[in-house]
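Read through the structure below, which is laid out as structure tokens, and then see the notes.
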Amino acid sequence: MKTQIGNDINRAIQLLNEGELISIPTETVYGLAANGLNSSAVAKIYEAKKRPSFNPLILHFSSFEQVRPYLSLIPDYLETLVQKFSPGPLTYIVKKPISIPDITTSGLDTFAFRIPNHPLTLELLSALNFPLAAPSANIFGMTSPTNYTHVFDQLNGRIPYILDGGACVIGLESTILDCTSTRPIIRRFGGVSKEDIEEVLSMEVIVESYGSKSLAPGMLAAHYSPGIPLELLSEEEWIQFIPNENCALLSLSRIHPLQRNHSSIQLSKTRNMNEAAAKLFESLRFFKSNNCERIIAHTMPERGIGLAINDRLKRASATRF
Ligand code: TXA
Ligand code: MG
């Protein structure tokens with residue numbers, strides 16, 4: 001099967017209605033989508049991504065009205081958050097109704113949903129009579145794709161169609177918020193910051209990722225692998241580090257004293273964290289394709305989306321080669 005690329009929404013609708021997989025653009029990363037209510041369509045996602053076991057998927061809807069029929073007990077703060085952050089990079093975990101198949105949630109009694117903020121995908125979702133289950137469109141454990149060429153590189157021949165919606169504006173996955181109790185819990189840092197959620201709710205938000213025993217791939221210690229080892233230092237250590245030959249240097253804004261001998265990327269010269277997030281995954285890919293053998297990176301300031309970038313860098317650095 002040759003993977004086709006285009007922006008033909010009718011073709012996308014037809015394939016999804018037939019239970020096929022397509023890759024869809026979102027504001028965070030490209031997704032690998034199928035009818036989330038059709039077990040055999042969802043099974044194809046796991047196969048195409050080579051996920052070693054079933055892990056719960058996020059359901060994507062076009063509006064909160066589309067989600068309502070699936071909701072039962074929800075906390076008061078959920079609607080406040082939806083009004084403020086959706087469409088956008090925030091995913092909510094709530095109680096699951098029986099109408100959502102177990103394979104979509106890998107047997108959990110909760111499900112995750114979000115409303116992605118991308119015009120083409122919102123148009124697509126409103127033309128369907130089911131939500132789309134979609135993990136990031138990468139082979140399991142690898143860096144998430146932020147444009148169609150990244151998807152094509154990893155999934156060519158494994159899916160019939162990639163809906164091209166341009167480069168992802170945010171470039172990092174959504175924040176995952178567990179809304180099953182009276183206080184929300186952040187399970188994964190992402191496009192919406194902890195500070196923004198706390199401000200809207202006027203309450204402190206707990207952070208509790210599932211840790212290494214989790215069912216959740218984006219929450220495994222080793223994930224987002226750039227395909228070569230990544231070493232994560234503090235900014236002070238990084239500037240003093242003496243890199244070997246073929247080491248690549250990744251920084252927020254700093255120029256390393258030995259920079260001219262190495263491949264290097266500054267994610268944002270003005271230390272704009274949103275710009276840094278949007279360039280992160282693409283930069284990690286660049287080093288591998290540029291024949292670098294190791295990436296030396298430093299941690300970002302521990303606030304806002306900087307927390308999400310650090311989370312991805314830590315997991316990328318945990319992969320063993
Ligand atoms: O930005 C995003 O969230 C992207 C785009 C495509 O929407 N999607 C994405 O999906 O990052 P994925 O599968 O790579 O990561 C989804 C995360 C996983 O870590 C999964 O375990 C967790 O969400 N998750 C899904 N349903 C869950 C549930 N019911 N309880 C706990 N975690 C859940
Ligand atoms: Mg992923």
- Query: Mind checking which residues of segment 155-177 are within 16 Å of ligand 2 (Cβ to nearest atom) and within 14 Å of the chain's Cα centre (by Cα)?
  - Reply: Cys168, Ile170, Gly171, Leu172, Glu173, Ser174, Thr175, Ile176
- Query: So how many residues does segment 135-167 have that are open to solvent by 10 Å² or more (accessible area, probe 1.4 Å), touching a Ser or Thr at 6+ places or on another chain (Cβ under 8 Å) and either assigned to a loop (DSSP other than H, G, I, E, B) or not assigned by TED's automatic domain parsing to the domain that holds Ile13 (or both)?
  - Reply: 6
- Item | Considering residues of segment 186-206 that are more than 18 Å from the chain's Cα centre (by Cα) and among the aliphatic types (A, V, I, L, M) only, the residue surrounded by the most Cβ atoms within 10 Å (Cβ to Cβ) | Ile197
- Task: Of the numbered conditions (1) out of contact with any Lys or Arg (no Cβ under 7 Å at 6 or more places or on another chain); (2) in contact (Cβ under 8 Å) with a residue 40 or more places away in the chain; (3) within 12 Å of ligand 1 (Cβ to nearest atom), Ser99 fails exactly one; give the number of that condition.
- Result: (3)
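The values are calculated or read from the model by the stated rules, or taken from the named source; none is laboratory data. Worth saying up front: this structure is predicted, and the values here are computed from it rather than measured. All Cβ positions, even for glycine, are placed from backbone atoms using ideal geometry, and neighbour counts span all protein chains on display. Side chains are part of the model used for accessible areas, which takes the heavy atoms of the whole protein and leaves out ligands, DNA and RNA. Shrake-Rupley method; radii C 1.70, N 1.55, O 1.52, S 1.80 Å.
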